[in-house]
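Engineer: Dropping the structure in here first, questions after.
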Amino acid sequence: MNTLPHLSLPPMIDTSSGDVIEEFFNPALMCSTHYDRGVGFFSAAWLRLAANGMAVFASNGGHARWVTSPILSEADWEALQKGDEARQDSILKESLQINIKNLENLLERETLSALAWMVADGILDFKLALPRNKLDQGEFHDKFGIFTDVEGNQVSFNGSYNDSVQGTRNYESIKIFCSWEPILSLLVDADVNRFNHLWGNEDPNVQVFSLPDAAKEQIIKLRNYERPYINPKPKVKEQPPEWKSNRPISPFIPTEIELRNYQIEAINAWFLNDCQGLLEMATGTGKTITALAASVQLYERDNRLALVMSVPYQHLVDQWDSECQMFGYRPILAYQSRSRWIDDLNQQIMDFNLGYRDMISVITTHTTFCSPDFQKSIAKLKQPAMMLADEAHHLGAERARQSYPEHIPHRLALSATPDRWFDDEGTACLRNYFGETVYSFPLEKAIGVSLTPYYYYPHLVTRTPEEMEQYEELSAKIAKVAGRDDETAQKSLKILLMRRAELLNKAVNKLDVLSDLIDLQREIEHSLFYCAPGQINEVVRLLGVDKGLLVHRFTAEENTAERQRLLSDFADGELQALVAMKCLDEGVDVPSTKTAFFLASSSNPREFVQRRGRVLRKASGKEHSIIHDLIAVPPTSWNISTDSPSFKVERSIVRKELERFKEFAGPALNKHEALDVIWEIATRYSLMDF
């Protein structure tokens, strides 16, 4: 493929003395991989004229972007819509599919079909421009473009030429500028910046619509004949933006919500710390309501607010959106495909910065929050702005902490357990950005206020001889590498620890103990079962087939709609039990849960705190909760010297289990009864001080 500098391009060409297609457009397209065009008038018929150049451009892997006015022929508009819809419809796209080798012929014979196919396949992108503000009632009438080759060389052009057949019949001219000519490079850069400004919807006086948005906003002005200009028609008055018509003018605290005293104290503490800090509040204490109420008060203080909210999972975006709607926010949901939200986000940020809006809000996932596109957008935000992070401990991860928006001064982080497990650096970065904990409301305080009291029943499950043998083998290997700090040893240690933890969680006898427990229950309803990853099918079979319960698995494999249906059936009593792994640890509300069975334990404090808080949420008719905890321990017949390395390793594991036990038993209604169960194992390992 030749590059643009190989072309002999004149500084100017006109339709009287030259052929703009054969002498400029076709050669430039053949040497390019990108083509950006801003033009007041586009017709698919132009593609037929430039068929030769477009076919080579497509075979180069080219990508072209057109910003044009919404004055289109009905046939062109239908072709554009069909191509755009085919991007999400594989069957429709397959029906449009053609061979690039035949593209030139198709452009000449079936131009509209070729246009639809190239849009569907991402070769061509179109956006439609509509003047506004000081240019209101005008038309998008500019005519310029930029070609870019594989080496980054660029050619820009300006003139009177439209992309139509009529454009070649009129007297038109274009001036040409090449980036490799120093005296002209600034003009090329200016055209590049101008186009990107338009494409990104960053011009305050020109609003740019994607094809779906153009259809929704009904801005298309169809024509049934081709000409470079149309007779003036009465303009349809542009509809006021949605935020000016049916959206509330400001957020508010709903009248049906009465903040609890501790929530008011948390908000006051955050304001006293210059609107920065962590709220370390137990699961189920209303962190979301507290945070949104704080944002409303900040809006009321400053009279304006841009609110950026980040949550760990997609289902939490929808959950937060529901809460935000109650508070008068109408947030952009920035997750899944960027094409669904990026233009709207950029538009609202620009409106906010220019003073056209006093309130904007966006909810995104932590993953999207860290993406270059999202970061580039929010970097433009002017003050006052607020960063709100739910389950903020996730943002202490290495990639996330490179994405903290330092220009946003107001910062609020929410987490029941903000300190990251075995990650002091991540914890420090998180607290350095958001601030220290300004208010704490632990589970012990929340019980009886916003959480139900509970009974805790630990059940000691002895390991089988085979499991003890595997356990001792893994422990011996762990002991060998535990004292080494080289990278290979640390990787081996991590794998060995995971294998041993999995062995404990999937102890065979746990299913027998669980079976006996089920038989002892007077009734099974609104029950959660937490399992190890490889254990879930066995538990579902035990509960559903052997015990005849109405049960369903609840994992990451179920889509959002199915999860909502399962939770609804569970709440209504249509399902007696849900069997889950980790997907109920954060953010999924199941307040109807009365009983939980923990078959798989975790030494990560965040996980078991989340699980317990999830079970203790208040619900109508729910006076208390019950937790059954199945703990794998060595059999009492296991004799081993207290001086042996295996005993010391085993003792350290038991200590971790007892720490978790203490966390669970301490606030329980039956604390002393639970202590009696565990006392024997604590005595055996001389851990009475746990």
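Quick note: the coordinates plus some simple rules give every number you see, no bench work behind them. A quick note: this is a predicted structure, and the numbers were derived from the prediction, not measured. Cβ coordinates were reconstructed from backbone atoms using ideal geometry, including for glycine residues, and neighbour counts include every protein chain displayed.
Engineer: Placing +1 at every Lys and Arg Cβ and -1 at every Asp and Glu Cβ, with all other atoms neutral, what dipole size does the stretch 454-684 have around its Cα centre, in debye to the nearest 20?
Structural biologist: 620 debye
Engineer: To the nearest 0.05, what FRET efficiency results for Ser322 and Gln166 with a Förster distance of 45 Å applied to their C-beta separation?
Structural biologist: 0.30
Engineer: Another question, then. Taking 7 Å along the Cα-to-C-beta vector as the label spot, tell me the Glu425-Phe647 distance in nanometres, rounded to one decimal.
Structural biologist: Between Glu425 and Phe647, the label points sit 3.9 nm apart.
Engineer: Using only alpha carbons, build the gyration tensor for the stretch 261-446 and give me the equivalent ellipsoid semi-axes, biggest first, whole Å.
Structural biologist: Square roots of five times the eigenvalues give 24, 19, 15 Å.
Engineer: Cβ neighbours within 10 Å, averaged per peptide: list 322-335, 378-391 in order, most packed at the top.
Structural biologist: Top of the packing list down: 378-391, 322-335.
Engineer: Could you state the orientation-averaged shadow area of the convex hull built on the Cα atoms of the stretch 117-214, in nm² to one decimal?
Structural biologist: Result: a mean projected hull area of 8.3 nm².
Engineer: Distance cut-off 25 Å, Cα to Cα: go down the list Lys477/Lys648; Lys547/Lys656; Lys618/Lys671; Lys134/Lys376 and report the pairs above it.
Structural biologist: Lys547/Lys656; Lys134/Lys376
Engineer: Here is a follow-up. Provide, for q = 0.08, 0.12, 0.14 Å⁻¹, the log10 of I(q)/I(0) from a solvent-free Debye sum over equal Cα point scatterers in the stretch 454-684.
Structural biologist: -0.32, -0.70, -0.93
Engineer: Would you work out which of Phe598, Leu504, Phe647 lies farthest towards the positive end of the dipole of the stretch 454-684? Charges go on Cβ: Lys and Arg +1, Asp and Glu -1.
Structural biologist: So the residue furthest toward the plus end is Phe647.
Engineer: Further question on the same structure: Per the Debye formula with a single identical scatterer at each Cα and no solvent contribution, what log10 I(q)/I(0) holds for the stretch 497-580 at q = 0.12, 0.13, 0.19 Å⁻¹?
Structural biologist: Calculated log10 I(q)/I(0) at the listed q: -0.38, -0.44, -0.87.
Engineer: For the pair Gln375/His6, report the inter-label distance in nm, with labels modelled 7 Å from Cα in the Cβ direction.
Structural biologist: Calculated label separation equals 3.7 nm.
Engineer: For the stretch 440-513 and the stretch 334-356, compute the distance between their C-alpha centroids and round to whole Å.
Structural biologist: Cα centroid to Cα centroid, the span is 46 Å.
Engineer: Given the pairs Lys510/Lys662; Lys127/Lys382; Lys287/Lys510, which are separated by over 28 angstrom at their Cα positions?
Structural biologist: Lys287/Lys510
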